[in-house]
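Peer 1: Okay, handing you the structure first.
The values are calculated or read from the model by the stated rules, or taken from the named source; none is laboratory data. The structure displayed is predicted, hence computed values, not measured ones. Note that each Cβ is placed from the backbone with ideal geometry, even for glycine, and that neighbours are counted across all protein chains shown.
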Amino acid sequence: MAGPSVLTPQNEDFPQWYQDVVAKAEMADNGPVRGTMVIRPYGYAIWERIQSAIDERIKLAGAQNAYFPLFIPESYLSKEAEHVEGFSPELAVVTHAGGEKLAEPVVVRPTSETVIGEFMAKWIQSYRDLPLLLNQWANVVRWELRPRLFLRSSEFLWQEGHTAHASARDASDYAMKIHMEVYNDFLEKVLAVPTFLGIKPPSERFAGATNTMTCEGMMRDGKALQMATSHELGQNFARAFDIFYQSEEGQAQLCYTTSWGASTRLVGGLIMAHGDDRGLVVPPALAPTQVVVIAVREDETVLTACQALHGELTAARLRALVDDGKRGSFGRRVTDWEVKGVPVRIEVGPRDLVQGLVTVVRRDTGEKAAVPVAEAPALAQSLVDDIQGDMWRAARDFRDAHTITVPDLDRAIEAAQTGFARVAWHEVGEEGEARLKAEAMTVRCLQRSDGTMPENERESGLMAIIARSY
RNA sequence: CGGGGAGUAGCGCAGCUUGGUUAGCGCGCUGCGUUUGGGACGCAGAGGCCGCGGGUUCGAAUCCCGCCUCCCCGACCA
């Protein structure tokens, strides 16, 4: 039934497989400047759906969208010592503009804590102004030495939330709320990627944060990908930018701030968490096209049947389109839709049609069924519903099968060659982290033994998740 | 920046060692025809500053010198 693979098989060369998928599914191209990325219409359609799903959740969590400038005075970055130290190696700095050398160089934002901090200070006067909950959708630039499409590009698109609160508790609760109700919910319900939730060890924290929460997903090659992060910034940025409020008692108090983000990297995560040797597999809740109706050949009866099916699918609020056969042989077109990962396809051919049948195929399992034309829309609908859950369970089972709890660091290093290792955090320590680095591994996150999110890395009984990562 | 590799058609490559007709192959692209139930086939086409600059030579993709760029591995990272 299946022809030879169009792509490099995953187990032969996973990075090459990834590049093949990005190219063949028409997701993105390299830009003319090293490290930049051109997102093609199909890749962008997926990003737009990621955006709207996340944006909807951000708004439910109470934050409002705003927009801050791309250019940031260089001096802003230096106001927070750890922040500038963390980012300076990857800054793009504009030194000339308008034909002249600038008095103060301007950096292209690598992230916006600093500018937003400046304006928070201006806007916040009283405890009544808190919490201040902002988000922006923007592009950011971090000059990368080893770029990879979607996973690590010098310019990327993301959402960055920035909030200010009256107390450490409020800030911490809100960062957690975003982590669970925006990121984890999106990853589970839309992207169908199960993750390990935890906090970063101090060595892996965001520059200037007091705590970083992460969602770590497992890719099909057993490596980890950080899919979203939420940071508690303590009073570090509030102090640097004078973000004060007057309390009910009339005293000036420093705010506590947070920041949180998810980027176009999620598209890379989608590819690597669900993809197989035939290409992308897109979960139905995310898919720009959920059902493709394929005419086996250009034939009036066939095309009429396709249009009728398309009408019914659309009426049932499924995102559907018709492949009318003008674009080449049947086999070629099927392969193209498979590479793009469309969840369900309905093949309409003259032979089946004589018997009143069409063939319905699901992308995730390849399972085919010949069903009466009249039943096809309902079947497509139920497959769309089933596939979403099945993909999540398949990804979870894969992750669990490749996650091993081990008693010590030696065995953790062994296990992390092929997946994730779970080991007591006290078995690692600073010395252990150095050993991991030598093995190209890191502590991806720390969690309690029951898998929940700890308050901080000093809690006793924490487990470390160790893996190779992107 | 350290270590490796490569620049020839949109993409992937051969040719270079030993200089010499009109620079070639696969895929893709255009036209026409036959096809179409898992990447169809035939015929006819289009497409090249052989990375850039200099040199040697009657003659350079090929030899010499200089430069530039890209890719892979490492250090940094959403």
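Listed here are the residues, each with its yes/no results for (1) over 17 Å from A:F241 (Cβ atoms); (2) among the aliphatic types (A, V, I, L, M).
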residue: A:Q64; (1), (2): yes, no
residue: A:E90; (1), (2): yes, no
residue: A:G98; (1), (2): yes, no
residue: A:V107; (1), (2): no, yes
residue: A:A121; (1), (2): no, yes
residue: A:Q125; (1), (2): no, no
residue: A:N135; (1), (2): yes, no
residue: A:V141; (1), (2): yes, yes
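Peer 1: Could you list all residues from region A:427-470 that are within 14 Å of RNA strand B (Cβ to nearest atom), touching a residue at least 60 places away in the same chain (Cβ under 8 Å) and of a type in the set (A, V, I, L, M)?
Peer 2: A:V443, A:A467
Peer 1: While we're on this one: Return the residues of region A:252-279 that are within 10 Å of RNA strand B (Cβ to nearest atom) and in a loop (DSSP other than H, G, I, E, B); say none if nothing qualifies.
Peer 2: A:T264, A:R278
Peer 1: I need the helices (runs of 4 or more DSSP H) fully contained in region A:49-141, keeping only those with at least 3 residues that are at pLDDT 95 or above. Break it down stepwise before answering.
Peer 2: Details: elements: A:74-77, A:81-87, A:113-123.
In region A:49-141, the matching helices (runs of 4 or more DSSP H) lie at A:113-123.
Peer 1: Being among the aromatic types (F, W, Y) and within 17 Å of A:F237 (Cβ to Cβ) is the filter; apply it to region A:71-98 and report the residue that is farthest from RNA strand B (Cβ to nearest atom). Give the steps one after another, and end with the answer.
Peer 2: Of all residues in region A:71-98, those among the aromatic types (F, W, Y) come to A:71, A:76, A:87.
Narrowing the set further to residues that are within 17 Å of A:F237 (Cβ to Cβ) leaves A:76, A:87.
On the way: A:Y76: 19, A:F87: 8 Å.
Per the stated criteria, the residue is A:Y76.
Peer 1: Would you be able to say whether some residue in region A:172-185 is in contact with a Leu (Cβ under 8 Å, 6 or more places away or on another chain), assigned to a strand (DSSP E or B) and not basic (K, R)?
Peer 2: no
Peer 1: Something else: Which of (1) surrounded by 12 or more Cβ atoms within 10 Å (Cβ to Cβ); (2) away from RNA strand B (no atom under 16 Å from the Cβ) does A:Y67 not meet, given it meets every other one?
Peer 2: All conditions are met except number (1).
Peer 1: Identify the single condition in (1) in a helix (DSSP H, G or I); (2) under 28 Å from A:L91 (Cα atoms); (3) among the charged types (D, E, K, R) that A:E216 does not satisfy, given that it satisfies every other one.
Peer 2: In the conditions (1) in a helix (DSSP H, G or I); (2) under 28 Å from A:L91 (Cα atoms); (3) among the charged types (D, E, K, R), A:E216 misses (1) alone.
Peer 1: Okay, moving on. Over 24 Å from the mean Cα position of the chain (by Cα) and of a type outside the set (D, E, K, R): is that true of A:V84 in this structure? Reasoning before the result, please.
Peer 2: Numbers: over 24 Å from the mean Cα position of the chain (by Cα): yes; of a type outside the set (D, E, K, R): yes.
Yes; evaluated as a whole, the condition is true for this residue.
Peer 1: Looking at region A:142-160, which of its residues are aromatic (F, W, Y) and either outside any strand (DSSP E or B) or touching an Asp or Glu at 6+ places or on another chain (Cβ under 7 Å) (or both)?
Peer 2: Here is the first cut: in region A:142-160, the residues aromatic (F, W, Y) are A:143, A:150, A:156, A:158.
If the condition is that a residue be aromatic (F, W, Y) and either outside any strand (DSSP E or B) or touching an Asp or Glu at 6+ places or on another chain (Cβ under 7 Å) (or both), then A:W143, A:F150 are the ones that fit.
Peer 1: Sticking with this structure for a sec: Pick out the one residue from A:E74, A:E90 that is within 30 Å of A:M176 (Cα to Cα) and assigned by TED's automatic domain parsing to the domain that holds A:Y183.
Peer 2: The conditions single out A:E90.
Peer 1: Please determine whether any residue of region A:147-157 is out of contact with any Gly (no Cβ under 7 Å at 6 or more places or on another chain), away from RNA strand B (no atom under 16 Å from the Cβ), basic (K, R) and in the same structural domain as A:A207 (by TED's automatic domain parsing).
Peer 2: Here is the first cut: in region A:147-157, the ones out of contact with any Gly (no Cβ under 7 Å at 6 or more places or on another chain) are A:148-149, A:152, A:155-157.
If we keep only those that are away from RNA strand B (no atom under 16 Å from the Cβ) as well, we get none.
Scanning region A:147-157 turns up no residue that is out of contact with any Gly (no Cβ under 7 Å at 6 or more places or on another chain), away from RNA strand B (no atom under 16 Å from the Cβ), basic (K, R) and in the same structural domain as A:A207 (by TED's automatic domain parsing).
Peer 1: If I ask for residues that are more than 20 Å from A:A415 (Cα to Cα) and polar (S, T, N, Q), which ones from region A:201-228 would you list?
Peer 2: Matches in region A:201-228: A:S203, A:T210, A:N211, A:T212, A:T214.
Peer 1: Sticking with this one: Go through (1) surrounded by 13 or more Cβ atoms within 10 Å (Cβ to Cβ); (2) under 20 Å from the mean Cα position of the chain (by Cα); (3) of a type outside the set (G, A, S) for A:P41 and report which single condition fails.
Peer 2: (1)
Peer 1: OK, next. Looking only at region A:280-337, which residues are of a type in the set (S, T, Y) and either part of a loop (DSSP other than H, G, I, E, B) or within 12 Å of RNA strand B (Cβ to nearest atom) (or both)?
Peer 2: The first filter runs over region A:280-337 and keeps only residues of a type in the set (S, T, Y), leaving A:289, A:301, A:304, A:314, A:329, A:335.
Across region A:280-337, the qualifying residues are A:T289, A:T301, A:S329, A:T335.
Peer 1: What's the total number of residues in region A:1-48 that are over 24 Å from A:W143 (Cβ atoms) and either within 10 Å of RNA strand B (Cβ to nearest atom) or part of a helix (DSSP H, G or I) (or both)? Can you show your working first?
Peer 2: First, pick out the residues of region A:1-48 that are over 24 Å from A:W143 (Cβ atoms): A:1-14, A:16-17, A:20-21, A:23-26, A:41-42, A:45-46, A:48.
Narrowing further to those that are either within 10 Å of RNA strand B (Cβ to nearest atom) or part of a helix (DSSP H, G or I) (or both): A:1-7, A:14, A:16-17, A:20-21, A:23-24, A:41-42, A:45-46, A:48.
Selection size over region A:1-48: 19.
Peer 1: Can you tell me which residues in region A:338-352 are more than 6 Å from RNA strand B (Cβ to nearest atom) and surrounded by fewer than 18 Cβ atoms within 10 Å (Cβ to Cβ)? Let's see the steps before the verdict.
Peer 2: Here is the first cut: in region A:338-352, the ones more than 6 Å from RNA strand B (Cβ to nearest atom) are A:339-346, A:348.
Of everything in region A:338-352, nothing turns out to be more than 6 Å from RNA strand B (Cβ to nearest atom) and surrounded by fewer than 18 Cβ atoms within 10 Å (Cβ to Cβ).
Peer 1: What's the total number of residues in region A:162-186 that are out of contact with any helix residue (DSSP H, G or I) (no Cβ under 7 Å at 6 or more places or on another chain), surrounded by 19 or more Cβ atoms within 10 Å (Cβ to Cβ) and over 18 Å from A:C215 (Cα atoms)?
Peer 2: Residues flagged as out of contact with any helix residue (DSSP H, G or I) (no Cβ under 7 Å at 6 or more places or on another chain), surrounded by 19 or more Cβ atoms within 10 Å (Cβ to Cβ) and over 18 Å from A:C215 (Cα atoms) within region A:162-186 amount to 1.
Peer 1: While we're on this one: Identify, from the list A:G268, A:G279, the residue that is under 30 Å from A:R333 (Cβ atoms), touching a residue at least 24 places away in the same chain (Cβ under 8 Å), among the small types (G, A, S) and not assigned by TED's automatic domain parsing to the domain that holds A:R40.
Peer 2: Details: A:G268 fails: not assigned by TED's automatic domain parsing to the domain that holds A:R40.
Step by step, each of A:G268, A:G279 is checked, and only A:G279 is under 30 Å from A:R333 (Cβ atoms), touching a residue at least 24 places away in the same chain (Cβ under 8 Å), among the small types (G, A, S) and not assigned by TED's automatic domain parsing to the domain that holds A:R40.
One line per residue, one yes/no per condition, for (1) more than 16 Å from RNA strand B (Cβ to nearest atom); (2) within 14 Å of the chain's Cα centre (by Cα); (3) of a type in the set (F, W, Y):
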{"position": "A:P201", "(1), (2), (3)": "no, no, no"}
{"position": "A:A207", "(1), (2), (3)": "no, no, no"}
{"position": "A:T210", "(1), (2), (3)": "no, no, no"}
{"position": "A:A224", "(1), (2), (3)": "no, yes, no"}
{"position": "A:I243", "(1), (2), (3)": "yes, no, no"}
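Peer 1: What pairs come out if I take residues in region A:367-393 that are over 23 Å from A:L303 (Cα atoms) and pair them with residues that are surrounded by 13 or more Cβ atoms within 10 Å (Cβ to Cβ) and acidic (D, E) whose C-beta lies under 9 Å away, six or more apart or interchain?
Peer 2: Pairs found: A:I387/A:D364; A:D390/A:D364; A:M391/A:D364; A:W392/A:E188.
Peer 1: Going by what's in this entry, would A:A238 be described as near RNA strand B (Cβ under 10 Å from one of its atoms) and either part of a loop (DSSP other than H, G, I, E, B) or modelled with pLDDT of 95 or more (or both)? Give the derivation first.
Peer 2: Numbers: near RNA strand B (Cβ under 10 Å from one of its atoms): no; either part of a loop (DSSP other than H, G, I, E, B) or modelled with pLDDT of 95 or more (or both): yes.
Against the criterion (near RNA strand B (Cβ under 10 Å from one of its atoms) and either part of a loop (DSSP other than H, G, I, E, B) or modelled with pLDDT of 95 or more (or both)), A:A238 does not qualify.
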